[in-house]
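Undergrad: The structure that follows is given in the form of structure tokens.
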Amino acid sequence: MSDIEVIKDKYLGEISAATDGDALETIRVAALGKKGEISLLLKTLGKMTPEERQTEGPKINGARQAVADAIAARKEAMESDVLNARLATEKLDMTLPPPSAPKGSIHPVSQVMDELAEIFADLGFSVATGPEIEDDWHNFTALNIPETHPARAMHDTFYFPQTDDQGMPKLLRTHTSPVQIRTMMDVAKQTDGEGEPIYIIAPGRTYRSDSDATHTPMFHQVEGLVIDKNIHMGHLKWTLETFVRAFFERDDIELRLRPSYFPFTEPSAEVDVGFSVEKGRRIIGGDPRGDNGGWMEILGSGMVHPNVIRNCGLDPDVWQGFAFGCGIDRLAMLKYGMDDLRAFFDGDLRWTEHYGFDALDVPTLSGGVGA
Ligand code: PHE
């Protein structure tokens, strides 16, 4: 056997005995590297006679190729050995529970908005929305609050520095009443001033420059509006009673209407709900005249002022109605027992996890109105 055959067999033997990639690499360098044994032999070809080169050339090149092929083959075999070993030892247990994914929850404000929509849908109301950036006219003037009216000072309004194209002051709406204005105006327009019955609630974000444990600069309000023929305060009281009883899920809730003043309603009433103490806890419902019982204000309401109806392009001699408004955040606090409003908007996930609702659990009301 020629030298080259011996050298080739030596490397082929080493290759088949190699057990890992490092060992293979060492062999490759020793044989085929720049100063490898076979590489050096290839260099001797240049010094040979043409005859010698003819016989030696193919042998040395053949050896180089054989060693290179053997290394590649061994490498591939090693990789599949590693894979086979992993397949043999690692098992996929299909019965294991999957890792738990972080789960979101429904914010109490969203939950209460859904509950309100659900209750009022049962009473025939639809949900209306409008812009949060309003103009002075829709937020105040149309609601019978003229420019110089002291009631404007009751709302700590956020005004924008610029007016709109017509010189109208722009602001962040201080209540959702402008949605009522927009709804009535749309109806007046669509019916050429004829008018038609309106039953809406307007839930949404509202803004006032105010901040303490029970006030945040942004808060949520729901207002209701009914416009129809022959509507009177009895309808208002029944609607609010039915709503409050469905919302707090108790039939023994009493309502008390106290005369009040709002520029957009006449007469106006503030609405209190009766509370009592059960097992040491204050709850909405029960006997407000009993020990530790009492009244808590939750709503503003009244019969829509004829000026407001007229401002929207409808005839107040044909159409009357009532309106009411209350804080959604406050409703949520009373129903679900949170005591600091600011925590609602801190975005602390521990809070939402504690007070939030499972998306798959809604609706949570035990039944609709009249259930
Ligand atoms: N818009 C009033 C407020 O925000 C609430 C209200 C609405 C009162 C409708 C009466 C009638 O203070």
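The values are calculated or read from the model by the stated rules, or taken from the named source; none is laboratory data. In this text, all values refer to a predicted model and were calculated from it rather than measured experimentally. Counting neighbours? That spans all protein chains shown, and the Cβs are built from the backbone with ideal geometry, glycine included.
Undergrad: Looking at (1) under 30 Å from residue 342 (Cβ atoms); (2) part of a loop (DSSP other than H, G, I, E, B); (3) in contact with a helix residue (DSSP H, G or I) (Cβ under 8 Å, 6 or more places away or on another chain); (4) not aromatic (Phe, Trp, Tyr), which is the one condition that is false for residue 147?
TA: If we test residue 147 against (1) under 30 Å from residue 342 (Cβ atoms); (2) part of a loop (DSSP other than H, G, I, E, B); (3) in contact with a helix residue (DSSP H, G or I) (Cβ under 8 Å, 6 or more places away or on another chain); (4) not aromatic (Phe, Trp, Tyr), just (1) comes out false.
Undergrad: Okay, next question. Every residue in region 312-336 that is surrounded by 21 or more Cβ atoms within 10 Å (Cβ to Cβ) and either more than 9 Å from the ligand (Cβ to nearest atom) or not assigned by TED's automatic domain parsing to the domain that holds residue 271 (or both), please.
TA: 312, 314, 319, 321, 328, 329, 331, 332
Undergrad: I'm told residue 269 meets every condition in (1) in contact with a Lys or Arg (Cβ under 9 Å, 6 or more places away or on another chain); (2) touching a residue at least 40 places away in the same chain (Cβ under 8 Å) except one. Can you identify the failing condition by its number?
TA: (2)
Undergrad: A further question follows. Have a look at 228, 165 and point out the one that is touching a Phe, Trp or Tyr at 6+ places or on another chain (Cβ under 8 Å), more than 30 Å from residue 341 (Cα to Cα) and assigned by TED's automatic domain parsing to the domain that holds residue 321.
TA: Only one candidate passes the filter, namely 228.
Undergrad: Same structure again: What tally of residues in region 14-39 results from selecting those that are surrounded by fewer than 11 Cβ atoms within 10 Å (Cβ to Cβ) and either modelled with pLDDT of 90 or more or in contact with a Phe, Trp or Tyr (Cβ under 9 Å, 6 or more places away or on another chain) (or both)?
TA: 4
Undergrad: Select from region 178-207 the residues that are more than 30 Å from the chain's Cα centre (by Cα) and free of Cβ contacts under 8 Å to residues at least 60 places away in the same chain and list them in ascending order.
TA: Residues satisfying the conditions are 186, 190, 191, 192, 194, 196, 197.
Undergrad: When you scan region 138-163, how many residues do you find that are acidic (Asp, Glu) and exposed (fewer than 11 other Cβ atoms within 10 Å of the Cβ)?
TA: Residues meeting the conditions: 1.
Undergrad: Considering region 38-94 alone, what residues qualify as being over 60 Å from the mean Cα position of the chain (by Cα), within 19 Å of residue 9 (Cβ to Cβ) and of a type in the set (Gly, Ala, Ser)?
TA: 39, 62, 63, 66, 68, 70
Undergrad: Hey, residue 131 hits all of (1) at pLDDT 90 or above; (2) more than 30 Å from residue 354 (Cα to Cα); (3) part of a helix (DSSP H, G or I) but one; which does it fall short on?
TA: Evaluating residue 131 over (1) at pLDDT 90 or above; (2) more than 30 Å from residue 354 (Cα to Cα); (3) part of a helix (DSSP H, G or I) leaves (3) as the failure.
Undergrad: Now, a different point. Before we move on, is residue 110 within 22 Å of residue 326 (Cα to Cα), loosely packed, with under 14 Cβ neighbours inside 10 Å, modelled with pLDDT of 90 or more and not hydrophobic (A, V, I, L, M, F, W, C)?
TA: So residue 110 fails the test.
Undergrad: Could you check, for region 47-60, whether at least one of its residues is part of a helix (DSSP H, G or I), among the small types (Gly, Ala, Ser), free of Cβ contacts under 8 Å to residues at least 12 places away in the same chain and out of contact with any Lys or Arg (no Cβ under 6 Å at 6 or more places or on another chain)?
TA: No, because not a single residue in region 47-60 is part of a helix (DSSP H, G or I), among the small types (Gly, Ala, Ser), free of Cβ contacts under 8 Å to residues at least 12 places away in the same chain and out of contact with any Lys or Arg (no Cβ under 6 Å at 6 or more places or on another chain).
Undergrad: For region 315-336, which residues satisfy the criterion of being over 14 Å from residue 111 (Cα atoms) and outside any strand (DSSP E or B)?
TA: 315, 316, 317, 318, 319
Undergrad: Same structure, new question: So for region 281-304 (the condition being part of a loop (DSSP other than H, G, I, E, B), over 39 Å from the mean Cα position of the chain (by Cα) and closer than 30 Å to residue 187 by Cα), does at least one residue qualify?
TA: No, region 281-304 contains no residue that is part of a loop (DSSP other than H, G, I, E, B), over 39 Å from the mean Cα position of the chain (by Cα) and closer than 30 Å to residue 187 by Cα.
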